[in-house]
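*Asks:* Structure in structure tokens, see below.
The values are calculated or read from the model by the stated rules, or taken from the named source; none is laboratory data. Note that the coordinates shown come from a computational prediction; the quantities given were computed from them, not determined experimentally. Please note: Cβ atoms are built from the backbone with ideal geometry, for glycine as well, and neighbour counts cover all protein chains shown.
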Amino acid sequence: MKLLRTDSTHKDFIELVKHLDADLAIRDGEDHPFYDQFNKLDSIKYTIVAYDDDNKPLGCGAIKQFEPNVMEVKRMFVPLEQRGKGIALKILQELETWAMELDNKKCILETGIKQPEAISLYKKSGYKFIDNYGQYAGVEKSVCFEKLLRKD
């Protein structure tokens, strides 16, 4: 598997995100417009696309600056037929490495309670539950996490 660092204008990232949004529209139901407003691609500069040996896109993820020294993990997606192969874990680890290279001390993220596979991934990757932050404060269908990347 190859991991490509790119940005939100990359065609394969955009295509994977279309599939992510279709999946989230089903999972989120009537709440989808609320969550969707926080996932616009124009504010994302750092994206990863994973490829197999035949250069087929396998999944994606992104980080965006949330506040000084803090990156927010966004747009994590692996198509159903590719899940269970460790792809999301490798994407997440590469995003964390990139966040550290950009002098960030931690990553935060939000996911939905209807995304148990995402919750499992983040817990397995060392993320800890935190109070819902920012626009997700008080949103009962959201869960938020953080992971310290380095200690200073």
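*Asks:* Tell me, yes or no, whether the range 40-53 has at least one residue that is in a helix (DSSP H, G or I), more than 21 Å from Leu3 (Cβ to Cβ) and out of contact with any Ser or Thr (no Cβ under 6 Å at 6 or more places or on another chain).
*Replies:* Within the range 40-53, one or more residues are in a helix (DSSP H, G or I), more than 21 Å from Leu3 (Cβ to Cβ) and out of contact with any Ser or Thr (no Cβ under 6 Å at 6 or more places or on another chain).
*Asks:* Might you check whether a residue that is surrounded by 12 or more Cβ atoms within 10 Å (Cβ to Cβ), at pLDDT below 70 and not in a helix (DSSP H, G or I) occurs anywhere in the range 18-34?
*Replies:* No - not one qualifying residue is present in the range 18-34.
*Asks:* I would also like to ask the following. Please list, ordered by first then second residue, the pairs with beta carbon atoms under 6 Å, 6 or more apart or interchain, first in the range 51-68 and more than 10 Å from Leu16 (Cβ to Cβ), second assigned to a loop (DSSP other than H, G, I, E, B).
*Replies:* Ala62/Ile44; Lys64/Ile44
*Asks:* Can you list residue pairs whose Cβ atoms sit under 7 Å apart, with the first residue in the range 94-107 being within 14 Å of Pro68 (Cβ to Cβ) and the second being surrounded by fewer than 18 Cβ atoms within 10 Å (Cβ to Cβ) and modelled with pLDDT under 95? Count only pairs 6 or more apart in sequence or on different chains.
*Replies:* From residues that are within 14 Å of Pro68 (Cβ to Cβ), the pairs are Lys105/Arg150; Lys105/Asp152.
*Asks:* Can you work out which of the residues in the range 2-16 that are among the aliphatic types (A, V, I, L, M) and touching a Phe, Trp or Tyr at 6+ places or on another chain (Cβ under 7 Å) is farthest from Leu89 (Cα to Cα)? Steps first, please.
*Replies:* In the first step, residues of the range 2-16 are kept if they are among the aliphatic types (A, V, I, L, M); the result is 3-4, 14, 16.
Right, trim to touching a Phe, Trp or Tyr at 6+ places or on another chain (Cβ under 7 Å) and you get 4, 16.
Numbers: Leu4: 15, Leu16: 17 Å.
The qualifying residue farthest from Leu89 (Cα to Cα) is Leu16.
*Asks:* Tell me which of these Gln115 doesn't satisfy, since it passes every other one: (1) closer than 22 Å to Ser43 by Cβ; (2) touching a Ser or Thr at 6+ places or on another chain (Cβ under 9 Å).
*Replies:* Just one mismatch for Gln115, condition (2).
*Asks:* Something else: Can Lys74 be described as closer than 15 Å to Phe13 by Cα and either at pLDDT 95 or above or surrounded by 13 or more Cβ atoms within 10 Å (Cβ to Cβ) (or both)?
*Replies:* So Lys74 passes the test.
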